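The values are calculated or read from the model by the stated rules, or taken from the named source; none is laboratory data. Fair warning: this is a prediction, and the values are worked out from it, not measured in the lab. With ideal geometry, Cβ positions are generated from the backbone for all residues, glycine too; neighbour counts draw on all protein chains shown.
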């Protein structure tokens, strides 16, 4: 996708979520250390223009690759675009920052998110039915 100074955070968010429906990408005013999460109060509005986060940004292409490791993707966004981002993964009804699993690929994270939202049918069992030695 092409990003410019006039691109909104929402546009990148939508493109990322289209490719990885069980992940989301949030943008922040400051960076986070490896293995740590980002602070909620540093999160920027989705209506924010990318040019306000990086005034020196030149029109460029951004490619989302499922084989990228999360920590490498977040670092690339910082190094190449000077954008502070955090990947979140769907976990049932919650969104979790991927800090504990930053070494997983985007595709693996997305698959874990998908599995966490699936309902599994199991046979009912009688908790009073057990063997006694």
Practice task
May I ask you to list the residues in the range 28-43 that are out of contact with any helix residue (DSSP H, G or I) (no Cβ under 6 Å at 6 or more places or on another chain) and over 13 Å from residue 74 (Cβ atoms)?
Solution key: 39, 40, 41, 42, 43
Problem - Single residue of the range 13-28 satisfying the filter (in contact with a strand residue (DSSP E or B) (Cβ under 8 Å, 6 or more places away or on another chain) and in a helix (DSSP H, G or I)) that is surrounded by the most Cβ atoms within 10 Å (Cβ to Cβ) - result: 16
Practice task
Specify the residue that is modelled with the highest pLDDT; the eligible residues are those in the range 82-98 that are surrounded by fewer than 18 Cβ atoms within 10 Å (Cβ to Cβ) and outside any strand (DSSP E or B).
Solution key: 82
Exercise for the section: Return a yes/no flag: does the range 58-74 have any residue that is touching a helix residue (DSSP H, G or I) at 6+ places or on another chain (Cβ under 8 Å) and over 17 Å from residue 106 (Cβ atoms). Expected result: yes
Problem - Of residues in the range 99-120 being touching a helix residue (DSSP H, G or I) at 6+ places or on another chain (Cβ under 7 Å) and part of a helix (DSSP H, G or I), the one nearest to residue 27 (Cα to Cα) - result: 106
Practice task
Output the number of the condition that residue 64 fails; it satisfies all remaining conditions of (1) in a loop (DSSP other than H, G, I, E, B); (2) exposed (fewer than 15 other Cβ atoms within 10 Å of the Cβ).
Solution key: (2)
Handout entry: Unique match (being within 13 Å of the chain's Cα centre (by Cα) and assigned to a loop (DSSP other than H, G, I, E, B)) among 38, 31, 47, 56
Key = 38
